[in-house]
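Remarks on the structure that follows.
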Amino acid sequence: MKRLVTILVIVVVLCVVLWFASPGGQLIVDKPEKSDVIVVLAGSETDSRYWHALELLRAGYAQHLFLDAVEGVDYGHSLVDLAREFVARTAGANASQVTVCPVDGDSTKDEAPQVDACLRTLQPFPHTVMLVTDDYHTRRALSIFRNRVPQYRWTTAAARNPDTFGLPWWKHREWAKTYLTESEKLLWWELFDRWRK
């Protein structure tokens with residue numbers, strides 16, 4: 001028994017070392033496909049997710065776009081209202097195809113069922129949904145949405161922000177912090193949170 005435990009520990013340590021020694025591409029799933037809807041996940045410090053999603057909408061990847069906005073107030077302004085104003089100013093001829101989806105919570109796990117509630121408001125009911133999020137967040141987001149809201153066919157498109165992340169991840173301090181944090185979150189999701197309902 002002691003020998004089996006030792007072998008198991010060695011295998012786990014080797015897997016962790018190999019994961020962290022990799023260039024970082026295992027965090028990224030960038031496979032946009034034509035879908036019924038595009039959803040821009042909340043949580044980014046920049047609007048690069050929105051701009052990438054708008055490009056995909058204009059390229060015909062979907063007919064509707066949801067922009068998730070966290071319900072809250074910043075400097076006396078509702079973040080949801082600010083998102084709506086931003087869409088009205090920037091979406092141009094596509095403004096009628098973009099809807100703000102208010103979400104509450106600070107995790108992708110919490111966001112998934114709230115996105116489902118927004119998707120259910122559409123007619124006809126969507127079946128395929130493309131998530132747009134930061135490149136390093138795509139694998140975890142895709143896994144969470146497939147697990148928590150399995151009635152849709154999910155794909156992802158990666159929005160790049162070189163201030164936050166790039167490859168190889170060890171070339172910049174900020175990229176390394178992002179890589180290590182996201183790797184930890186992904187491993188935690190796969191080992192523990194995925195199995196909790």
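The values are calculated or read from the model by the stated rules, or taken from the named source; none is laboratory data. From a predicted model like this one, the values you see are computed outputs, not experimental measurements. Cβ placement follows ideal geometry from the backbone for every residue including glycine, while neighbour counts extend to all protein chains displayed.
Brief remarks follow.
- Yes/no for GLU111 being under 25 Å from THR178 (Cβ atoms) and of a type outside the set (Ser, Thr, Tyr): yes
- Filter result (among the hydroxyl-bearing types (Ser, Thr, Tyr) and more than 15 Å from the chain's Cα centre (by Cα)) within region 28-76: SER35, TYR61, TYR75
- Enumeration of residues in region 38-67 that are within 17 Å of ASN94 (Cα to Cα), surrounded by 13 or more Cβ atoms within 10 Å (Cβ to Cβ) and either among the hydrophobic types (A, V, I, L, M, F, W, C) or in contact with a His (Cβ under 8 Å, 6 or more places away or on another chain) (or both): ILE38, VAL39, VAL40, TRP51, ALA53, LEU54, LEU56, LEU57, ALA62, LEU65, PHE66, LEU67
- Of all residues in region 105-126, exactly one satisfies the criterion of being hydroxyl-bearing (Ser, Thr, Tyr) and surrounded by 13 or more Cβ atoms within 10 Å (Cβ to Cβ), namely THR108.
- Candidates ARG120, ARG140 - the one that is modelled with pLDDT of 95 or more and in contact with a Leu (Cβ under 6 Å, 6 or more places away or on another chain): ARG140
- Residue count, region 158-171 (criterion: more than 17 Å from ARG139 (Cα to Cα) and either crowded, with 16+ Cβ neighbours inside 10 Å or among the aromatic types (Phe, Trp, Tyr) (or both)): 1
- Residue in region 132-147 that is surrounded by fewer than 13 Cβ atoms within 10 Å (Cβ to Cβ) and either out of contact with any strand residue (DSSP E or B) (no Cβ under 9 Å at 6 or more places or on another chain) or not in a loop (DSSP other than H, G, I, E, B) (or both) present: no
- Inside region 77-121, residues that are acidic (Asp, Glu), within 20 Å of the chain's Cα centre (by Cα) and either in a helix (DSSP H, G or I) or farther than 30 Å from ASP193 by Cα (or both) make up a count of 3.
- Evaluated against (1) modelled with pLDDT under 90; (2) surrounded by 15 or more Cβ atoms within 10 Å (Cβ to Cβ), SER35 falls short on exactly one condition, (1).
- Of everything in region 85-104 that is over 17 Å from LEU56 (Cα atoms) and free of Cβ contacts under 8 Å to residues at least 12 places away in the same chain, the residue that is surrounded by the fewest Cβ atoms within 10 Å (Cβ to Cβ) is ARG89.
- Count of region 152-174 residues which are over 10 Å from the mean Cα position of the chain (by Cα) and either without any contact (Cβ under 8 Å) to a residue 12 or more places away in the chain or part of a strand (DSSP E or B) (or both): 10
- Each residue in region 52-71 was checked for being in contact (Cβ under 8 Å) with a residue 24 or more places away in the chain and not in a helix (DSSP H, G or I), and 12 of them qualify.
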